[in-house]
Ligand SMILES: Nc1ncnc2c1ncn2[C@@H]1O[C@H](COP(=O)(O)OP(=O)(O)OP(=O)(O)O)[C@@H](O)[C@H]1O
Ligand SMILES: [Mg+2]
């Protein structure tokens, strides 16, 4: 595998997204949706009300960000190039399918991770400074912080593979993006259930979910790699 | 001999083996035959024209030889490598394809597009190569323009520069002058001439017959199956009997008596206008002076005697007209 070719794809993607308003807005608005509502809720709580928070895991809401943000870019990655007619020239170069896909995956994953951690850091900062003291303490549960850090890449990775898989089989970018959002809703649903304490978070559950996601991520990579078929990508548009 | 080149080894670089050798190659999409039973060889450094009407299978042939589509039958070697999936990367390293549509990243600048491809080809000294490619297509001054702002012809040139980046052994150009104005087309022609001088093998598909005639060492005419292959001049000679056209001021009194039995003249017929005659000849350089003397001796006022010229277009139309649909609907 050639690092230079992976880098070529990654750099090209990032350059394109930077100039694509719909991608930038999509990636910017979604995190706000996920961060603002819990932030407002937390800031409005008084110190006396902080007791109720002990059974909620507000921070985990924000796992929705790494789960959904990569969809826009990843679902666009192959279908978009096909729609624009840029796929054929790229595929006539010596680039291998895996290099092409890893470049595309990194281009979706890395900005999403940056955004997810950044929004999270801002959220934590604001809560620390602005929320009532007891409230801040109840929100910042160490296990939740750790879970947030570890699950962010695992969830983002899963979304990236699912969305790229959809993208390789789709002729239409919008359809791919919609299907991608649908496909990443189950993990969002699970995290919300945990955040609301409907599903009781335990260390065992965390380890189980982590292991499952690692398996799914590896499976996702295999799936996408298997779906990548030059002939189909070139001639499927007819 | 080609079959002895095993799947994983190529003839050493610079060896005289053909740049492309195709045997019985076919491609179908379900029931639709895109091209069938192609057999030809292209020598290193040759400029090979691939002519055919819309839907003849030109683009599909290029894609198949370029490892994008798998043939359904037959075999080929491309740049010394057997056309099999295991060799796809090695083949793609040695060829470049300029597709029918430029397929540029329109939000990126010209240089950014080329940078991406220089890295995909792992070109050494990408900066220098990009500058050289841009100079070759006369685009050095537009290198920082966003591709989306370029005209069609300029985009075509960027695509051409992109195909030159990797210094390919075999360059596939799929209708490189389609939609270009005459000046731009001529620039592309000059560029192709320049590449020929550097010894690049070029596989050129085109609808423009005068382009093929001007640029190509040999041409093939395709309409799902290969109709003919050869030097443009040879094809003319094969297909059309040689003839000379005689025009006189007044109709001849007895053309039959005058033309019959002349040396190197096989037969004659009256052409459309009065006082115009077409002689089928075995050798114009013998027949023309003989006919001239006979006409003068008969007191005819000769306006002109000329060898009839058939263009490649005549060859093309003749061959394509034979059975335009027959082979395409074969099951
Ligand atoms: N992916 C595909 N699926 C089904 N049929 C296809 C596909 N690609 C090409 N064809 C068919 O194969 C035939 C050859 O097409 P091709 O594009 O190679 O023609 P062409 O000679 O390049 O034509 P043009 O001069 O219009 O570019 C056509 O009948 C076309 O419809
Ligand atoms: Mg074509």
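The values are calculated or read from the model by the stated rules, or taken from the named source; none is laboratory data. Bear in mind the structure is a predicted one, so any value in this text is a computation, not a measurement. All Cβ positions, glycine included, derive from the backbone under ideal geometry; neighbour counts span all protein chains shown.
When you go through B:113, B:87 one by one, which is the residue that is in contact (Cβ under 8 Å) with a residue 12 or more places away in the chain, more than 16 Å from ligand 1 (Cβ to nearest atom) and within 24 Å of residue B:141 (Cβ to Cβ)? Let's see the steps before the verdict.
Values: B:87 fails: within 24 Å of residue B:141 (Cβ to Cβ).
Result of the check over B:113, B:87: B:113.
Of all residues in segment B:93-122, those satisfying the criterion of being within 15 Å of residue B:172 (Cα to Cα), in contact with a helix residue (DSSP H, G or I) (Cβ under 7 Å, 6 or more places away or on another chain) and more than 7 Å from every other protein chain (Cβ to nearest Cβ) are B:96, B:98, B:100, B:102.
So for segment A:56-69 (the condition being more than 14 Å from every other protein chain (Cβ to nearest Cβ), under 25 Å from residue B:104 (Cα atoms) and within 19 Å of the chain's Cα centre (by Cα)), does at least one residue qualify?
Residues of segment A:56-69 more than 14 Å from every other protein chain (Cβ to nearest Cβ): A:56-69.
Adding the requirement that they be under 25 Å from residue B:104 (Cα atoms) leaves none.
The answer is no; no qualifying residue exists.
Return yes when residue A:76 is without any contact (Cβ under 8 Å) to a residue 60 or more places away in the chain and within 19 Å of the chain's Cα centre (by Cα) and no when it is not. Quick ask: steps written out before the conclusion?
Numbers: without any contact (Cβ under 8 Å) to a residue 60 or more places away in the chain: no; within 19 Å of the chain's Cα centre (by Cα): yes.
Judged against the criteria, residue A:76 is not a match.
Taken together, B:64, B:59, B:39, B:72 contain a single residue that is touching a strand residue (DSSP E or B) at 6+ places or on another chain (Cβ under 6 Å), within 14 Å of chain A (Cβ to nearest Cβ) and either more than 29 Å from residue A:228 (Cβ to Cβ) or free of Cβ contacts under 8 Å to residues at least 40 places away in the same chain (or both), which is B:64.
Residue by residue through segment A:216-234, note down the ones that are within 14 Å of chain B (Cβ to nearest Cβ), in a helix (DSSP H, G or I) and surrounded by 16 or more Cβ atoms within 10 Å (Cβ to Cβ).
A:230, A:233, A:234
Where strands (runs of 3 or more DSSP E) fall wholly inside segment B:37-106, the ranges with 3 or more residues that are surrounded by fewer than 21 Cβ atoms within 10 Å (Cβ to Cβ) and away from ligand 2 (no atom under 16 Å from the Cβ) are B:73-78. Only a single item in (1) out of contact with any helix residue (DSSP H, G or I) (no Cβ under 9 Å at 6 or more places or on another chain); (2) within 10 Å of chain A (Cβ to nearest Cβ); (3) over 17 Å from residue A:88 (Cα atoms) is not met by residue B:182, and it is number (2). Among the residues of segment B:33-68, those that are more than 19 Å from residue B:211 (Cβ to Cβ), near ligand 1 (Cβ under 8 Å from one of its atoms) and in contact with a helix residue (DSSP H, G or I) (Cβ under 8 Å, 6 or more places away or on another chain) comprise B:33, B:34, B:35, B:55, B:63.
Scan segment B:251-265 and give yes if some residue there is in contact with a helix residue (DSSP H, G or I) (Cβ under 8 Å, 6 or more places away or on another chain) and in a strand (DSSP E or B), otherwise no.
The initial filter retains those residues of segment B:251-265 that are in contact with a helix residue (DSSP H, G or I) (Cβ under 8 Å, 6 or more places away or on another chain), namely B:252, B:258-259, B:262-265.
Now drop any that are not in a strand (DSSP E or B), which leaves B:265.
Yes, the conditions are met somewhere in segment B:251-265.
A count restricted to segment B:198-229 and to residues that are at pLDDT 90 or above and away from ligand 1 (no atom under 14 Å from the Cβ) stands at 9. I'm checking my understanding of the structure. Among residues of segment B:160-179 that are away from every other protein chain (no Cβ under 12 Å) and within 16 Å of ligand 2 (Cβ to nearest atom), which one is farthest from residue B:79 (Cα to Cα)? Among those that are away from every other protein chain (no Cβ under 12 Å) and within 16 Å of ligand 2 (Cβ to nearest atom), it is B:179. Determine if segment A:107-128 includes at least one residue that is within 14 Å of another protein chain (Cβ to nearest Cβ), at pLDDT 90 or above, closer than 25 Å to residue A:14 by Cβ and under 25 Å from the mean Cα position of the chain (by Cα). Yes, some residue in segment A:107-128 is within 14 Å of another protein chain (Cβ to nearest Cβ), at pLDDT 90 or above, closer than 25 Å to residue A:14 by Cβ and under 25 Å from the mean Cα position of the chain (by Cα).
Does residue B:171 meet the test of being closer than 25 Å to residue A:84 by Cβ, in contact with a helix residue (DSSP H, G or I) (Cβ under 8 Å, 6 or more places away or on another chain) and at pLDDT below 95? Working first, answer last.
Values: closer than 25 Å to residue A:84 by Cβ: yes; in contact with a helix residue (DSSP H, G or I) (Cβ under 8 Å, 6 or more places away or on another chain): yes; at pLDDT below 95: no.
No: the conditions fail for residue B:171.
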